[in-house]
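Notes for the one structure printed next.
The values are calculated or read from the model by the stated rules, or taken from the named source; none is laboratory data. This is a predicted model, so every value here is computed, not measured. Cβ placement follows ideal geometry from the backbone for every residue including glycine, while neighbour counts extend to all protein chains displayed.
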Amino acid sequence: MAAAPMKQRRFDVVAAAMLVMLLLASLHLISAAVQRSEELGQWFIPLLLFTVVGLVMLFVLVGWNLWQLLRDYRRRVAGSRLSARLSALFLVIALVPVGVVYFYSTRFLSSGIDSWFDLQVDSAMEDALSLSKVSLDLHKRERLKLTQNLLATVEDTSQTAVALSVDDMRNATGANEVALFSLQGKVLAVSHANPEIMLPTPPDSGMVQQVVSGENYVGIAPGQDGRLLVRCLVQDKQQRGVVLQVLYPVPESLSELIQSVQDAYEVYRTRAYMRSQIKFSFALSLSLVLLLSVFGAAWAAVYTARRLVQPITDIAEGTRAVAEGHYDKQLPLPQVKDELGFLVSSFNAMTRRIARSRNALEESRRKLQTQHNYLETVLGGLSTGVMALDAEGRIQTANRAADQILGLPVRELEGKDVRVLGMRSDALSPFVERVAGGLEQGIHQGRSEITLYRGGGRQVLLFRHSPLEIGRGLAVGHVLVFDDVTELVKAQRDAAWGEVARRLAHEIKNPLTPIQLSAERLRHKFLRKMAPEDGKVLDRATHTIVQQVEAMKSMVNDFSDYAKPSKLQLEPLPVDAFLSEVIALYEGAAQQVVMQAGAPGLTIEADPVRLRQVMHNLLKNALEAGGADGPIVVSSRVGEEEGNDFVEIAVSDNGPGFDPELITQAFEPYVTNKTKGTGLGLAIVKRIVAEHGGVVHAENPVEGGGRVVLRLPAMAQVLVRTAPEAPRLADKGGH
Amino acid sequence: MKRITRTIAGLILFCLPVVLQAEEVNLRNVSLTLSEDGRILLDADIGFDLNDTVAEALENGVPLTFETHVQMRRADAWIWESDVVEHRLRTVLLHRPLSGMYELRNLSGSEHLSFATRDAALRTLGNIVAMPVIERSRLNLDEDYLVRIEVHLDIESLPLPMRPLAYLQRDWWISSEPWEWRLRP
């Protein structure tokens, strides 16, 4: 992760170091060029330019680094403040001595150069030059006089004569060159010490002009071999129209002395003139060295500070990362094994340990969650309601069965007092009273039966509670476990009733036939023998006996039917056809019975005899319920619930309907609102329907009257094949 | 190397906010003539007008090197094509304190000339007579050539301490406007 910045940093270091080295070399060469200007002088300006450009680059590099430092400082990047402080400290430590050295160097340099040139030396040099001039002037005057004499010695008035004597003149005087010119500048004769030279050294126009105007010329001229020459130009006083030029060599001793003085003077004068430039050059070189030192020191300060602070920065960032929850943060180890390296490795060890602990914790949490889910699933799958309360009676947890049994979303009430259940539903008051009473009385364990009276009927709960212990004897709450045993109790009661009915039928039915026979025999034997009056009494009495015995028989048969163990003869039965057949028997009844067939072609698997008994019982009940208006309606329809098809048969009447208080118990034995009857009719219906795998319930429709609805499972394959057009209604579940 | 140095220094100076002028050397009466022996000869009259700074340096013994650059190349030559002719005539002018004379030294020919006055020395310096440029036979007669002449004071020949400041002072940038002539030999 940190490899790329590290590489970049290494490249920066190499680049900066190379730049500094190159600049140092360049400065060294500049110094050499200043000292040996003849050999290296031509490199001076290029080196200067290179150094300036290099310094500009170094300046940019330093500026970039400082800018980065400043930017990090403003952004409060970790470690930037320490870096800035260290950089400033290093910079000050480096700059102060460099500045002091620079200041005094420039002063010493300036005063040192000034000391080269003082008034005494100036004056001495001027005096030496003047002395040389005076000496040379003396020599020049002698030579001028000699030259004038030379021309005067030629007595011939012709130019030719003069021209012919130039060799003699040169030989006589030891001159280097003797030349004769006309006034117009034309060369008339030349005599040179070197016979190969045929042309005279030409005087410049100023000299000729001076001589022509009447004033002789004498001056110094450089010779070919570097030796000084005295040039004399004289005009002929004898009006021969010629100008004589003679070049005398200055005596060697004098020439050397004069040359020496002249050279020294020239060097001194030039240096004196260049004093400011020399100072400037030295100051420039020194300034370049200073700038190199300053920039180099600045760059090194920033770099060193950053490098020193880097591990601390890493640790700061690492700490922040750990604080934010990134426990797997690992820091790059510094290359140098010092205290900071130890700190970084300790930090890495710490984060590793934290990460391991976190992983273990995460694992534990995951296991706990798994166990919790497992427990939830198990509890959710239980048909027994389970509820946990804390010590204060607040609901901690509950399972789905608790919701279903209590008819309230108990799980949504977690954290609330259990008494809230009583406020939400009055029917749950006995339950709440039992629980709260137990809590208040300090009863921590027990088992009891609670009966709830709800809109749907009586509900019997088998209730147990026990303390919730998390350790040995350390109770933190209570566990409530309850089962809905309503159906179980009902089934037990039904079974008991069945047994009673069976015994009653058995015990009563046997003596009934002898009673009836005896009564009929009495009537038959004594009716004719008695007086009419007595006969009437006997007839009425025996008739009553027989009638009551018949009634008792009927009742006993009902009991027998109810108690009889079922032996169903199941066969496929087309529902609508079967219903039509039953209804046909009631054509002459007091009330019209109407058929609304809604399951054409639908077949169920049923015992036709038992099912017919069911329909007769229901129709009988409906006829007995009466109701002057409207017919009794028998309807059928097809429905589906949870993927299972069923057929629903309803018998509706226009009577007063069921007593709302008894409607839920209408199918229990001996529950009736009629004055006559055994009260077993609907109980038998329920039993037969249950034997067929169906359910039955009674209801009072809003339009009035009463309705009994029974639901029987359909034969699936038959339904699909034979009744594609059958109306299929989704079960609303509200019957 | 000198050319490169001059170019770089020139580029730097180009950026300076100083208006540089080159009016102190004037090329006058420049002419190219064909001699009887088939050589192309250059005649020129160059006028020098030294400013006070340069004159002061000369009077104080600083030698001044003037370079006359004669260049001939094909008129439609590519930039990288070498010159047909390139002459650099370098002459040093210096003042002798003892004699009070001005000297001209031809660096190529070690020729010494003395002059009593600076003007006389400058006149001689600026007087180019029949300087051979090239033989006509070496040129392609169907082609045009550009002849370019430029005269300048060579800062690089000044004493070393003077060079940095000389590059930065306009007084030392003495040069002529380049003289160009299209030639069909």
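If you check residue B:89 against the conditions, is it within 14 Å of chain A (Cβ to nearest Cβ) and either in contact with a Lys or Arg (Cβ under 8 Å, 6 or more places away or on another chain) or assigned to a strand (DSSP E or B) (or both)?
On the way: within 14 Å of chain A (Cβ to nearest Cβ): no; either in contact with a Lys or Arg (Cβ under 8 Å, 6 or more places away or on another chain) or assigned to a strand (DSSP E or B) (or both): yes.
No; evaluated as a whole, the condition is false for this residue.
Only one of (1) closer than 21 Å to residue A:315 by Cα; (2) without any contact (Cβ under 8 Å) to a residue 40 or more places away in the chain fails for residue A:56. Which number is that?
So residue A:56 meets the others, but not (1).
When you look at residue A:161, is it among the small types (Gly, Ala, Ser), part of a helix (DSSP H, G or I) and over 23 Å from residue B:118 (Cα atoms), yes or no? Lay out the reasoning, then the answer.
Details: among the small types (Gly, Ala, Ser): yes; part of a helix (DSSP H, G or I): yes; over 23 Å from residue B:118 (Cα atoms): yes.
Yes: the conditions hold for residue A:161.
What about residue A:573, is it in a strand (DSSP E or B), hydrophobic (A, V, I, L, M, F, W, C) and in contact with a strand residue (DSSP E or B) (Cβ under 7 Å, 6 or more places away or on another chain)? Break it down stepwise before answering.
Details: in a strand (DSSP E or B): yes; hydrophobic (A, V, I, L, M, F, W, C): yes; in contact with a strand residue (DSSP E or B) (Cβ under 7 Å, 6 or more places away or on another chain): yes.
Criteria met by residue A:573.
Only one of B:103, B:150 is within 30 Å of residue A:277 (Cβ to Cβ) and more than 14 Å from chain A (Cβ to nearest Cβ). Can you tell me which?
B:150
Based on what the data block shows, is residue A:285 surrounded by fewer than 20 Cβ atoms within 10 Å (Cβ to Cβ) and farther than 30 Å from residue A:65 by Cβ?
It is false that residue A:285 is surrounded by fewer than 20 Cβ atoms within 10 Å (Cβ to Cβ) and farther than 30 Å from residue A:65 by Cβ.
How many residues are basic (Lys, Arg) and either touching a residue at least 60 places away in the same chain (Cβ under 8 Å) or surrounded by fewer than 22 Cβ atoms within 10 Å (Cβ to Cβ) (or both) when one looks only at region B:147-171?
Total meeting the criteria: 2.
State all residues of region A:288-328 that are buried (at least 20 other Cβ atoms within 10 Å of the Cβ) and charged (D, E, K, R); if no residue qualifies, say none.
A:306, A:314 - these are the residues of region A:288-328 that are buried (at least 20 other Cβ atoms within 10 Å of the Cβ) and charged (D, E, K, R).
Any residue that is more than 30 Å from residue A:507 (Cα to Cα) and either in contact with a strand residue (DSSP E or B) (Cβ under 7 Å, 6 or more places away or on another chain) or surrounded by fewer than 13 Cβ atoms within 10 Å (Cβ to Cβ) (or both) - is there at least one of those in region A:552-563?
Applying the first criterion (more than 30 Å from residue A:507 (Cα to Cα)) to region A:552-563 yields none.
Scanning region A:552-563, I find no residue that is more than 30 Å from residue A:507 (Cα to Cα) and either in contact with a strand residue (DSSP E or B) (Cβ under 7 Å, 6 or more places away or on another chain) or surrounded by fewer than 13 Cβ atoms within 10 Å (Cβ to Cβ) (or both), so the answer is no.
Table: residues versus (1) assigned to a helix (DSSP H, G or I); (2) surrounded by 15 or more Cβ atoms within 10 Å (Cβ to Cβ); (3) within 12 Å of another protein chain (Cβ to nearest Cβ).
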{"position": "A:21", "(1), (2), (3)": "yes, no, no"}
{"position": "A:27", "(1), (2), (3)": "yes, yes, no"}
{"position": "A:30", "(1), (2), (3)": "yes, yes, yes"}
{"position": "A:46", "(1), (2), (3)": "yes, yes, yes"}
{"position": "A:51", "(1), (2), (3)": "yes, yes, yes"}
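Given the criteria under 20 Å from residue B:57 (Cα atoms), without any contact (Cβ under 8 Å) to a residue 40 or more places away in the chain, assigned to a helix (DSSP H, G or I) and of a type in the set (D, E, K, R), does residue B:119 qualify?
On the way: under 20 Å from residue B:57 (Cα atoms): yes; without any contact (Cβ under 8 Å) to a residue 40 or more places away in the chain: yes; assigned to a helix (DSSP H, G or I): yes; of a type in the set (D, E, K, R): yes.
For residue B:119, the condition - under 20 Å from residue B:57 (Cα atoms), without any contact (Cβ under 8 Å) to a residue 40 or more places away in the chain, assigned to a helix (DSSP H, G or I) and of a type in the set (D, E, K, R) - is met.
In region B:42-69, how many residues are in a loop (DSSP other than H, G, I, E, B) and away from chain A (no Cβ under 14 Å)?
Step one: of region B:42-69, the residues in a loop (DSSP other than H, G, I, E, B) are B:49-51, B:60-63.
Next, only the ones that are away from chain A (no Cβ under 14 Å) stay: B:49-51.
Summing the residues that are in a loop (DSSP other than H, G, I, E, B) and away from chain A (no Cβ under 14 Å) in region B:42-69 gives 3.
Take the residues in region A:32-44 that are assigned to a helix (DSSP H, G or I) and not small (Gly, Ala, Ser); name whichever of them is surrounded by the fewest Cβ atoms within 10 Å (Cβ to Cβ).
Looking only at region A:32-44, we keep the residues that are assigned to a helix (DSSP H, G or I), and these are A:32-35, A:37-44.
Within this subset, residues satisfying the condition of being not small (Gly, Ala, Ser) are A:34-35, A:38-40, A:42-44.
Details: A:34: 17, A:35: 10, A:38: 7, A:39: 10, A:40: 17, A:42: 17, A:43: 18, A:44: 22.
The selected residue is A:38.
Kindly check whether there is at least one residue in region A:287-301 that is within 14 Å of chain B (Cβ to nearest Cβ) and not basic (Lys, Arg).
Going residue by residue through region A:287-301, those that are within 14 Å of chain B (Cβ to nearest Cβ) are A:287-288.
Narrowing the set further to residues that are not basic (Lys, Arg) leaves A:287-288.
Within region A:287-301, one or more residues are within 14 Å of chain B (Cβ to nearest Cβ) and not basic (Lys, Arg).
Quick check: is even one residue across region A:531-549 loosely packed, with under 14 Cβ neighbours inside 10 Å and in a loop (DSSP other than H, G, I, E, B)?
yes
Any idea which residue in region A:93-110 is modelled with the lowest pLDDT, counting only those that are more than 16 Å from residue A:286 (Cβ to Cβ) and in contact with a helix residue (DSSP H, G or I) (Cβ under 9 Å, 6 or more places away or on another chain)?
Here is the first cut: in region A:93-110, the ones more than 16 Å from residue A:286 (Cβ to Cβ) are A:93-94, A:96.
After this cut, where a residue has to be in contact with a helix residue (DSSP H, G or I) (Cβ under 9 Å, 6 or more places away or on another chain) as well, the list is A:93-94.
Details: A:93: 88, A:94: 85.
Only one residue fits best here, namely A:94.
Does residue A:58 fit the bill of being crowded, with 18+ Cβ neighbours inside 10 Å and more than 14 Å from chain B (Cβ to nearest Cβ)? Walk me through how you get there before you give the answer.
Working: crowded, with 18+ Cβ neighbours inside 10 Å: yes; more than 14 Å from chain B (Cβ to nearest Cβ): yes.
Spelling it out, residue A:58 is indeed crowded, with 18+ Cβ neighbours inside 10 Å and more than 14 Å from chain B (Cβ to nearest Cβ).
Which of the residues belonging to region A:213-267 are assigned by TED's automatic domain parsing to the domain that holds residue A:149, in contact with a Leu (Cβ under 6 Å, 6 or more places away or on another chain) and among the aromatic types (Phe, Trp, Tyr)?
A:217
Step by step: first the residues of region A:61-94, then only those that are under 17 Å from residue A:297 (Cβ atoms) and among the small types (Gly, Ala, Ser), then the one that is nearest to the other protein chains (Cβ to nearest Cβ). Which residue is that? Let's see the steps before the verdict.
Residues of region A:61-94 that are under 17 Å from residue A:297 (Cβ atoms), as a first pass: A:61-66, A:69, A:83-94.
Still in the running and among the small types (Gly, Ala, Ser): A:63, A:83-84, A:87-88, A:94.
Working: A:63: 20, A:83: 36, A:84: 35, A:87: 33, A:88: 34, A:94: 28 Å.
So the residue we want is A:63.
Among what's in region A:690-721 and is touching a strand residue (DSSP E or B) at 6+ places or on another chain (Cβ under 7 Å) and modelled with pLDDT under 80, pick the residue that is surrounded by the fewest Cβ atoms within 10 Å (Cβ to Cβ).
Top of the filtered list is A:716.
Looking at region A:438-455, is at least one residue touching a helix residue (DSSP H, G or I) at 6+ places or on another chain (Cβ under 8 Å), assigned to a helix (DSSP H, G or I), under 30 Å from residue A:660 (Cβ atoms) and free of Cβ contacts under 8 Å to residues at least 60 places away in the same chain?
no
Taking residue A:572 as meeting all but one of (1) touching a helix residue (DSSP H, G or I) at 6+ places or on another chain (Cβ under 8 Å); (2) at pLDDT 85 or above; (3) farther than 30 Å from residue A:666 by Cβ; (4) surrounded by 12 or more Cβ atoms within 10 Å (Cβ to Cβ), write down the number of the exception.
Looking at each condition in turn, residue A:572 falls short on (4).
May I ask you to list pairs of residues, at least six apart or on different chains, whose Cβ atoms are under 6 Å apart, with the first in region A:577-592 being modelled with pLDDT of 90 or more and the second being in a loop (DSSP other than H, G, I, E, B)?
If the second residue must be in a loop (DSSP other than H, G, I, E, B), no pairs are left.
Could you list all residues from region A:173-189 that are assigned to a strand (DSSP E or B), of a type in the set (Val, Ile, Thr) and closer than 15 Å to residue A:151 by Cα?
So in region A:173-189, the residues assigned to a strand (DSSP E or B) come out as A:177-182, A:187-189.
Then keep just the ones that are of a type in the set (Val, Ile, Thr); that gives A:178, A:187.
Scanning region A:173-189 gives a single hit, A:178.
For residue A:470, are the conditions met, namely being in a strand (DSSP E or B), β-branched (Val, Ile, Thr) and without any contact (Cβ under 8 Å) to a residue 12 or more places away in the chain? Show your work before the answer.
On the way: in a strand (DSSP E or B): yes; β-branched (Val, Ile, Thr): yes; without any contact (Cβ under 8 Å) to a residue 12 or more places away in the chain: yes.
It is true that residue A:470 is in a strand (DSSP E or B), β-branched (Val, Ile, Thr) and without any contact (Cβ under 8 Å) to a residue 12 or more places away in the chain.
So, residue A:45, is that one closer than 20 Å to residue A:298 by Cβ, in the same structural domain as residue A:281 (by TED's automatic domain parsing) and either modelled with pLDDT of 85 or more or of a type in the set (A, V, I, L, M, F, W, C) (or both) or not?
Numbers: closer than 20 Å to residue A:298 by Cβ: no; in the same structural domain as residue A:281 (by TED's automatic domain parsing): yes; either modelled with pLDDT of 85 or more or of a type in the set (A, V, I, L, M, F, W, C) (or both): yes.
Spelling it out, it is not the case that residue A:45 is closer than 20 Å to residue A:298 by Cβ, in the same structural domain as residue A:281 (by TED's automatic domain parsing) and either modelled with pLDDT of 85 or more or of a type in the set (A, V, I, L, M, F, W, C) (or both).
Could you count how many residues in region A:127-142 are in contact (Cβ under 8 Å) with a residue 12 or more places away in the chain and within 14 Å of chain B (Cβ to nearest Cβ)?
Going through region A:127-142, the residues in contact (Cβ under 8 Å) with a residue 12 or more places away in the chain turn out to be A:128-129, A:131-132, A:135-136, A:139-141.
Adding the requirement that they be within 14 Å of chain B (Cβ to nearest Cβ) leaves A:128-129, A:131-132, A:135-136, A:139-140.
Adding up the residues that qualify gives 8.
Exactly one of (1) surrounded by fewer than 16 Cβ atoms within 10 Å (Cβ to Cβ); (2) within 30 Å of residue A:111 (Cβ to Cβ); (3) facing chain B (nearest Cβ under 10 Å) is unmet by residue A:264. Its number?
Only one criterion in (1) surrounded by fewer than 16 Cβ atoms within 10 Å (Cβ to Cβ); (2) within 30 Å of residue A:111 (Cβ to Cβ); (3) facing chain B (nearest Cβ under 10 Å) is unmet by residue A:264, namely (3).
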